[in-house]
Amino acid sequence: MQQRWFFLLAVMLCVATPAMAQPARDLQADRMTDKLWWIIDMTKEYQPQFQAHVTLEAPDGERLALTLQGESARTLVHDDVIALERKPGAQADRPEQAMGADVIPRLATWGKPRWWSERAKHEGQEISKTWKLYRLQKSGRETAV
């Protein structure tokens, strides 16, 4: 009897997990909003409605171009660090260029110091990976000789 319950539980977990999982586009949008972004370029347009075409850069070097409209565009400050939040009910099937309508920019807590510390942490991880690869290659050459 216990084996039957265990089997039913295993089947239910295998079937329910993919059904409850977020679509890949939602996961991508959530990953994007979890990062801090530094505004590296911004063009403002005032006609017919206030718009801001913004190029953002994350500490890991990923760049993103967004077009924000209305109040969302007015909150941006050039050369500052922002965090993005997803709007409730944002559509997951939008192209990346139109994703600006699905996010709300806000000034990040701690701003530039936090962004720079995140960037330094990322660069430190990259250096660590490169150093480990170098040592691995060096030890492989020594054993071959």
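The values are calculated or read from the model by the stated rules, or taken from the named source; none is laboratory data. Since we're looking at a predicted model, the values are computed, not measured. Cβ: placed from backbone, ideal geometry, glycine included. Neighbour counts: every protein chain shown. The area values use the complete protein model at the heavy-atom level, side chains included, leaving out ligands, DNA and RNA. Shrake-Rupley method; radii C 1.70, N 1.55, O 1.52, S 1.80 Å.
Residues are listed down the side, and each one gets a yes or a no for (1) of a type in the set (A, V, I, L, M); (2) farther than 21 Å from residue 113 by Cβ:
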site: 36; (1), (2): yes, no
site: 40; (1), (2): yes, no
site: 43; (1), (2): no, yes
site: 46; (1), (2): no, yes
site: 50; (1), (2): no, yes
site: 61; (1), (2): no, no
site: 64; (1), (2): yes, yes
site: 67; (1), (2): no, yes
site: 74; (1), (2): no, yes
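The set of residues in segment 54-72 that are open to solvent by 60 Å² or more (accessible area, probe 1.4 Å), assigned to a strand (DSSP E or B) and either within 30 Å of residue 126 (Cβ to Cβ) or touching a helix residue (DSSP H, G or I) at 6+ places or on another chain (Cβ under 6 Å) (or both) comprises 63, 65.
Checking each residue in segment 74-108 for being loosely packed, with under 15 Cβ neighbours inside 10 Å and either among the basic types (Lys, Arg) or at pLDDT 80 or above (or both) picks out 74, 85, 87, 94, 106, 107. Restrict the check to segment 18-38 and report whether at least one residue is modelled with pLDDT of 80 or more, assigned to a strand (DSSP E or B) and open to solvent by 80 Å² or more (accessible area, probe 1.4 Å). Taking every residue of segment 18-38 in turn, none turns out to be modelled with pLDDT of 80 or more, assigned to a strand (DSSP E or B) and open to solvent by 80 Å² or more (accessible area, probe 1.4 Å). Restricting attention to segment 29-47, the residues being under 15 Å from residue 65 (Cα atoms) and either aliphatic (A, V, I, L, M) or within 8 Å of the chain's Cα centre (by Cα) (or both) number 8. Every listed requirement among (1) of a type in the set (D, E, K, R); (2) touching a Phe, Trp or Tyr at 6+ places or on another chain (Cβ under 9 Å); (3) at pLDDT below 80 is met by residue 57 save one, (3).
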